[in-house]
1. What's the number of the condition Ile187 fails, among (1) open to solvent by less than 10 Å² (accessible area, probe 1.4 Å); (2) within 19 Å of His49 (Cα to Cα)?
2. Pick out, from the range 1-106, the strands (runs of 3 or more DSSP E) lying fully within it that include 2 or more residues that are aliphatic (A, V, I, L, M) and at pLDDT 95 or above.
3. Residues in the range 1-52 that are on the phi > 0 side of the Ramachandran plot and in contact with a Gly (Cβ under 8 Å, 6 or more places away or on another chain): how many?
4. Cβ-Cβ under 7 Å, sequence separation 6+ or interchain: first residue in the range 10-32 and among the hydrophobic types (A, V, I, L, M, F, W, C), partner in a loop (DSSP other than H, G, I, E, B) and at pLDDT 75 or above. Which pairs?
5. Give the range 117-149 a look and list any residue that's modelled with pLDDT under 95, more than 15 Å from the chain's Cα centre (by Cα) and not basic (Lys, Arg), or say none.
6. Of the numbered conditions (1) farther than 30 Å from Ala95 by Cα; (2) out of contact with any Lys or Arg (no Cβ under 7 Å at 6 or more places or on another chain); (3) modelled with pLDDT of 90 or more, Ala180 fails exactly one; give the number of that condition.
7. One residue is enough: does the range 112-129 have a residue meeting the conditions open to solvent by less than 60 Å² (accessible area, probe 1.4 Å), touching a residue at least 24 places away in the same chain (Cβ under 8 Å) and among the acidic types (Asp, Glu)?
Amino acid sequence: MKIELIPAIDIINGQCVRLTKGDYDQKTVYGEPLDMALEFERIGFQRLHVVDLDGAKSKHIVNENVLKAITTETRLTVDFGGGIKTDEDIEKAFAAGAAMVTVGSVAVTNPDSFMGWLEKFGAERIILGADVRHGKISINGWKEDSGEDLLPFLQKYVDAGVRNVLCTEISKDGTLAGPAIDLYQRIMEAYPELHLIASGGVSSKEDIEALDAAGIPAVVFGKAIYEGRIDLKELIVE
């Protein structure tokens with residue numbers, strides 16, 4: 001497979017968790033984030049997607065110590081999101097060892113800040129978070145839907161130099177119901193130059209193969225790992 005494989009670790013209260021459709025009331029705890037990161041590295045993964053769910057809810061980074069532990073104890077290339085709202089937040093994430101940050105809400109609520117970060121840190125270190133519900137961009141830990149339609153939202157930032165986009169179909173996230181391949185194909189048809197990271201709904205190796213066949217550059221997946229739906233060693237071998 002050509003698709004880049006990125007396991008996910010979501011953090012609440014310092015623990016590795018998964019939500020269903022972003023609902024904090026539908027939470028399953030899966031253990032210690034550092035233990036999971038070490039296991040991903042041992043199996044052979046090189047990338048890791050870390051989300052500070054406490055940060056997303058609180059509107060500022062909360063679990064930077066967990067991020068620092070992962071980046072200190074592993075050689076994984078970590079992208080980090082959740083709660084990055086200010087210059088202080090983004091500096092804190094990079095200081096804790098993040099190679100890249102995922103920024104979504106600020107791109108909607110404060111485009112000038114997002115553009116400033118894009119210019120300061122470079123397109124290779126900034127991932128635009130485009131989390132979608134009913135065709136609209138959702139913000140602030142998926143608690144609010146903005147009035148922004150997905151493709152015009154992407155157009156604005158592609159024109160500004162964004163090259164990395166993480167798109168989560170919220171209705172699929174944590175459901176193990178299969179990814180929104182049609183949505184990702186529409187994005188790739190509109191912006192073939194994007195490094196698009198698909199997120200949400202992956203339940204099996206077959207789902208990842210389908211994304212690969214559709215030409216999607218990368219995929220983030222979590223719940224299918226923790227629920228034992230995917231043999232990670234089998235994926236890495238391919």
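The values are calculated or read from the model by the stated rules, or taken from the named source; none is laboratory data. All values reported here derive from a predicted model rather than from experimental measurement. Cβ sites come from the backbone with ideal geometry, for glycine too, and all protein chains shown count toward neighbours. The protein model used for the area step is the full one, side chains on, heavy atoms only, and it has no ligands, DNA or RNA in it. Shrake-Rupley method; radii C 1.70, N 1.55, O 1.52, S 1.80 Å.
1. Condition not satisfied by Ile187: (2).
2. Values: elements: 4-12, 15-20, 23-31, 47-52, 77-81, 100-103.
Those strands (runs of 3 or more DSSP E) span 4-12, 47-52, 100-103.
3. Here the count works out to 2.
4. Within 7 Å, the pairs are Ile11/Asn63; Cys16/Glu32.
5. Selection gives His134, Gly135, Glu144, Asp145, Ser146, Gly147, Glu148, Asp149.
6. (2)
7. No.
Here is a yes/no grid of residues against (1) in contact with a Leu (Cβ under 6 Å, 6 or more places away or on another chain); (2) open to solvent by less than 40 Å² (accessible area, probe 1.4 Å):
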site	(1), (2)
Glu193	no, no
Leu196	no, yes
Ser203	yes, yes
Asp207	no, yes
Leu211	no, yes
Ala214	no, yes
Ala218	no, yes
Ile225	no, yes
Asp231	no, no
